[in-house]
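Shown next, in structure tokens, is the structure this report addresses.
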Amino acid sequence: MQISDHARQLHNRAIIVDAHNDTLVERHARGDTLDVTERDEAYHLDVPRAIEGGLTCAFFMVGSSKIDRMMTLIDATISIAEAHPNVFRYATSVAEIEQAKVDGALAVVGQLESCTCLNGQLSTLRNVYRLGVRVVNLTHGEGGEGTTQQQASIFDYAAPEDREAARDLPGLTDFGREVIAECNRLGMVVDLAHASDASFYEAIELSQTPPIFSHGAVFAQSPHWRGLTDDQLRALADAGGVMGMAFHPKFIDREHATMERLVDSIEYVIDLVGSDHIGIGADYDGMGSNVPIPSSVDRLPEFTEALVQRGFDDEIVLKVLGGNFLRVLREVIG
Ligand SMILES: [Zn+2]
């Protein structure tokens, strides 16, 4: 795709935030080195290509089910930042993200994707905060004993009536409610991606700070459980939250995912709730053999070009690229 001068300038100016990245955990699963600073085309993201693609900040998934793996991934993240400060920063504040932009480095924010690794202990959540993690995804879909929600979420396509009925199912567990309260107190972002519909609505009511849905989609565009319904998008917007649009083809369109269809989802959210509640949650290296759009992080300028071609104002493009997530981060983590 040809990138126009205008899109290129806008892209270079933007603080670009990707609210969900699985590269580290995927490297761990494949038994590869966790050092993401070397170019490696076997993955969707590495630091050289992130910088080339203009990405300013990525939320790195550093913990989900097992506490020992979480400790390994947090250590890897901090160790990379210590070894490569010129290109990689472990950020715990918006000021550090802004400084990374100035310095041409990638800022990484630590993110849990499930609270199962906390083993039911808020003390572990506090320790995770002390280790710099600032975004807490309540669940990776699991439910029941020791998790944040009473019933597991479904990962499949759905009919609209299924979504209606799901609102009234059991939602959060007591532990889930306590995690939200502790995140609010500590200054950690509550992330509702993967939550069941019932948990989603309950968490939105409970959280005193704007929640995010770090990597999701638009149910009206692709009828998957991971997509937010119109009601959910309105509820998230009312709470001041932001949804990151995943670059996962199945979430973009059930049949034929294209860049145009990706932008259709962005436009749909903007038409429904305004331009303050949508961003990027690419989910790079978190979708198995599915090919994301854009297919790797160095091709991010193609997304900006597509937004510009759709006719959005510069101000809206900047908000979608990262301004909206930056606003929530500023409000919640400082
Ligand atoms: Zn996920």
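Condition check ((1) of a type in the set (Phe, Trp, Tyr); (2) under 14 Å from residue 278 (Cα atoms)) across all residues:
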{"site": "201", "(1), (2)": "yes, no"}
{"site": "216", "(1), (2)": "no, yes"}
{"site": "222", "(1), (2)": "no, no"}
{"site": "241", "(1), (2)": "no, yes"}
{"site": "264", "(1), (2)": "no, yes"}
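Within the range 55-64, is even one residue touching a residue at least 12 places away in the same chain (Cβ under 8 Å), more than 30 Å from residue 1 (Cβ to Cβ), touching a helix residue (DSSP H, G or I) at 6+ places or on another chain (Cβ under 9 Å) and among the hydrophobic types (A, V, I, L, M, F, W, C)?
The first filter runs over the range 55-64 and keeps only residues touching a residue at least 12 places away in the same chain (Cβ under 8 Å), leaving 55-64.
Cutting the leftovers down to more than 30 Å from residue 1 (Cβ to Cβ) gives us 62-64.
Filter once more, so that each one left must be touching a helix residue (DSSP H, G or I) at 6+ places or on another chain (Cβ under 9 Å): 62-64.
Restricting the remaining residues to those that are among the hydrophobic types (A, V, I, L, M, F, W, C) gives 62.
Taking every residue of the range 55-64 in turn, at least one turns out to be touching a residue at least 12 places away in the same chain (Cβ under 8 Å), more than 30 Å from residue 1 (Cβ to Cβ), touching a helix residue (DSSP H, G or I) at 6+ places or on another chain (Cβ under 9 Å) and among the hydrophobic types (A, V, I, L, M, F, W, C).
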| request: Scan the range 217-224 and give yes if some residue there is within 14 Å of the ligand (Cβ to nearest atom), in contact (Cβ under 8 Å) with a residue 40 or more places away in the chain and over 16 Å from the mean Cα position of the chain (by Cα), otherwise no. | output: yes
| query | Which residue pairs have Cβ atoms under 6 Å apart, sit 6 or more places apart or on different chains, and have a first residue in the range 40-52 that is under 14 Å from residue 106 (Cβ atoms) and touching a residue at least 40 places away in the same chain (Cβ under 8 Å) and a second that is hydrophobic (A, V, I, L, M, F, W, C) and surrounded by fewer than 21 Cβ atoms within 10 Å (Cβ to Cβ)? | reply | 47/87
| task | Under 7 Å between Cβ atoms, at least 6 apart or on separate chains: pull out the pairs that start in the range 317-334 with a residue that is touching a residue at least 12 places away in the same chain (Cβ under 8 Å) and assigned to a helix (DSSP H, G or I) and end on any residue that is buried (at least 22 other Cβ atoms within 10 Å of the Cβ) and of a type in the set (Ser, Thr, Tyr). | result | 317/304; 321/304; 322/56
| message | Out of everything in the range 84-101 that is farther than 18 Å from residue 327 by Cα and without any contact (Cβ under 8 Å) to a residue 40 or more places away in the chain, what residue ends up being surrounded by the fewest Cβ atoms within 10 Å (Cβ to Cβ)? | response | 86
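Do you know which of the residues in the range 1-33 that are farther than 24 Å from residue 310 by Cβ, part of a helix (DSSP H, G or I) and more than 15 Å from the chain's Cα centre (by Cα) is nearest to the ligand (Cβ to nearest atom)?
So in the range 1-33, the residues farther than 24 Å from residue 310 by Cβ come out as 21-33.
Going one step further and asking which of them are part of a helix (DSSP H, G or I), we end up with 23-30.
Next, only the ones that are more than 15 Å from the chain's Cα centre (by Cα) stay: 26-30.
On the way: 26: 11, 27: 16, 28: 15, 29: 14, 30: 17 Å.
Checked the range 1-33; the qualifying residue nearest to the ligand (Cβ to nearest atom) is 26.
Output the residues belonging to the range 44-58 that are more than 13 Å from residue 299 (Cβ to Cβ) and among the small types (Gly, Ala, Ser). Please lay out each step first, then the result.
Pass one, the range 44-58, residues more than 13 Å from residue 299 (Cβ to Cβ): 46-48, 51, 56-58.
Hit for the range 44-58 is 58, nothing else.
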| message | Could you list, ordered by first residue, the pairs with Cβ atoms under 7 Å in which the first is in the range 113-134 and closer than 18 Å to residue 195 by Cα and the second is within 16 Å of the ligand (Cβ to nearest atom) and aliphatic (A, V, I, L, M), at least 6 apart or interchain? | response | 113/61; 115/136; 115/138; 117/70
| All positions within the range 102-132 that are within 16 Å of the ligand (Cβ to nearest atom) and among the aliphatic types (A, V, I, L, M) | 109, 112
| field | Neighbours by Cβ (under 6 Å, 6+ apart or cross-chain): first from the range 193-204, under 13 Å from residue 236 (Cα atoms); second within 16 Å of the ligand (Cβ to nearest atom) and assigned to a helix (DSSP H, G or I) | value | none
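Quick check, is residue 286 in contact with a His (Cβ under 6 Å, 6 or more places away or on another chain) and within 16 Å of the ligand (Cβ to nearest atom)?
Details: in contact with a His (Cβ under 6 Å, 6 or more places away or on another chain): no; within 16 Å of the ligand (Cβ to nearest atom): yes.
Considered against the rule, which asks whether it is in contact with a His (Cβ under 6 Å, 6 or more places away or on another chain) and within 16 Å of the ligand (Cβ to nearest atom), residue 286 comes out as no.
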| field | Qualifying positions in the range 260-291 - part of a loop (DSSP other than H, G, I, E, B) and either hydroxyl-bearing (Ser, Thr, Tyr) or surrounded by fewer than 24 Cβ atoms within 10 Å (Cβ to Cβ) (or both) | value | 274, 275, 276, 286, 287, 288, 289, 290, 291
| task | Could you tell me which numbered condition residue 80 fails, if it satisfies all but one of (1) of a type in the set (A, V, I, L, M, F, W, C); (2) within 16 Å of the ligand (Cβ to nearest atom); (3) surrounded by 15 or more Cβ atoms within 10 Å (Cβ to Cβ)? | result | (2)
| query | Looking at the range 173-216, which of the residues that are of a type in the set (Gly, Ala, Ser), more than 16 Å from the ligand (Cβ to nearest atom) and not in a helix (DSSP H, G or I) is surrounded by the most Cβ atoms within 10 Å (Cβ to Cβ)? | reply | 207
| Just a yes or no: is a residue in the range 119-128 within 17 Å of the chain's Cα centre (by Cα), within 22 Å of residue 212 (Cβ to Cβ) and surrounded by 24 or more Cβ atoms within 10 Å (Cβ to Cβ)? | no
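Bear in mind these aren't lab numbers, they're just calculated from the coordinates by the rules spelled out. The shown structure was predicted, so the numbers you read here are calculated from the model rather than taken from an experiment. Reconstructed Cβ throughout: ideal geometry from the backbone, glycine too, with neighbour counts over all protein chains shown.
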